[in-house]
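What follows is a single structure, written as structure tokens, with notes after it.
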Amino acid sequence: MSSKEKILSMAIVLFAQKGYSGLSMRQLAQAVDMSVAAIYHHFPDKDALYLESVRFAFSGKEQIFCQVWQSDCSPEEKLRLFIHSLIEVMLNDQNFCRLMQREILEANPERMQLLAQGIFKSQFSLLMQLATELAPEQDAYLVATSIIGLTQYYVEYQPLLKNLTGWKPEYEMPEVIATHVTNLLINSLKTKTA
């Protein structure tokens with residue numbers, strides 16, 4: 001791992017724990033056993049470090065979603081694959097999810113713009129295209145955000161959901177959640193467009 005990758009890896013963890021405002025360049029330098037000057041050698045400022053950290057965290061995940069978009073299957077199956085992939089990403093990288101949750105809660109307009117335009121824009125555009133294929137009469141933005149919201153809910157609220165009456169162990173399985181959310185959305189979209 002290069003020194004830049006070491007910095008980025010630790011920055012993801014620390015931004016997730018402390019938030020953008022709570023992490024200083026000095027704290028990061030101490031965590032990676034480097035000088036502050038070494039950090040600034042790789043990143044001109046904290047904003048650049050932050051954006052590059054999120055890009056670094058999302059880079060491997062983007063390839064997972066590219067496989068979904070390039071798959072030769074029906075829009076309904078593509079939706080199920082996307083939801084399953086999103087669940088896997090959320091379950092397998094707690095630091096990235098925590099970082100995104102923290103950013104949403106802080107809702108800093110500049111960082112929201114950086115995330116929306118610099119990180120998620122292309123994936124969201126592809127999801128909106130899929131939403132249009134699935135329900136041409138519906139608002140693609142609302143369908144796409146509903147897909148993300150439903151999926152995110154099942155993953156993020158799992159610790160609470162396990163304690164509610166009716167919960168079953170299979171409700172933790174990505175395939176079960178993906179199939180359920182897909183069926184729920186497809187049936188709802190068919191009802192609305194019929």
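Step by step: first the residues of the range 117-145, then only those that are of a type in the set (D, E, K, R) and part of a loop (DSSP other than H, G, I, E, B), then the one that is least open to solvent (accessible area, probe 1.4 Å). Which residue is that? Step by step, filter the range 117-145, then rank; the result is Asp139. Going by what's in this entry, would Ile104 be described as surrounded by 15 or more Cβ atoms within 10 Å (Cβ to Cβ) and part of a helix (DSSP H, G or I)? In short, no.
In the range 63-111, the qualifying residues are those that are more than 17 Å from Tyr153 (Cα to Cα) and aromatic (Phe, Trp, Tyr), and the one that is modelled with the lowest pLDDT is Phe65. If Phe120 passes every condition in (1) modelled with pLDDT under 85; (2) out of contact with any Lys or Arg (no Cβ under 9 Å at 6 or more places or on another chain) but one, which one does it miss? Unmet condition: (1). Within the range 157-179, does at least one residue satisfy the condition of being part of a helix (DSSP H, G or I), open to solvent by less than 80 Å² (accessible area, probe 1.4 Å), touching a helix residue (DSSP H, G or I) at 6+ places or on another chain (Cβ under 6 Å) and under 14 Å from Lys78 (Cβ atoms)? Within the range 157-179 (the criterion being part of a helix (DSSP H, G or I), open to solvent by less than 80 Å² (accessible area, probe 1.4 Å), touching a helix residue (DSSP H, G or I) at 6+ places or on another chain (Cβ under 6 Å) and under 14 Å from Lys78 (Cβ atoms)), the answer is yes, since at least one residue qualifies.
Okay, residues lined up against (1) within 30 Å of Arg102 (Cβ to Cβ); (2) modelled with pLDDT of 95 or more:
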site: Tyr154; (1), (2): yes, no
site: Tyr157; (1), (2): yes, no
site: Leu164; (1), (2): yes, yes
site: Asn187; (1), (2): no, no
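For Thr151, the test of being polar (S, T, N, Q), touching a residue at least 60 places away in the same chain (Cβ under 8 Å) and open to solvent by less than 60 Å² (accessible area, probe 1.4 Å) is passed.
On the stretch given as the range 38-73, residues that are over 20 Å from Gly22 (Cα atoms) and not in a helix (DSSP H, G or I) total 3. Tell me which residues, restricted to the range 3-53, are open to solvent by less than 60 Å² (accessible area, probe 1.4 Å) and among the polar types (S, T, N, Q). Those that are open to solvent by less than 60 Å² (accessible area, probe 1.4 Å) and among the polar types (S, T, N, Q): Ser3, Ser9, Ser24, Ser53.
The values are calculated or read from the model by the stated rules, or taken from the named source; none is laboratory data. Quick caveat, the model's predicted, so the values are computed rather than measured. Methodologically, a virtual Cβ is constructed for each residue, glycine included, from the backbone with ideal geometry; neighbour enumeration extends over all protein chains shown. All accessible areas refer to the heavy atoms of the entire protein, side chains included, with ligands and DNA or RNA removed. Shrake-Rupley method; radii C 1.70, N 1.55, O 1.52, S 1.80 Å.
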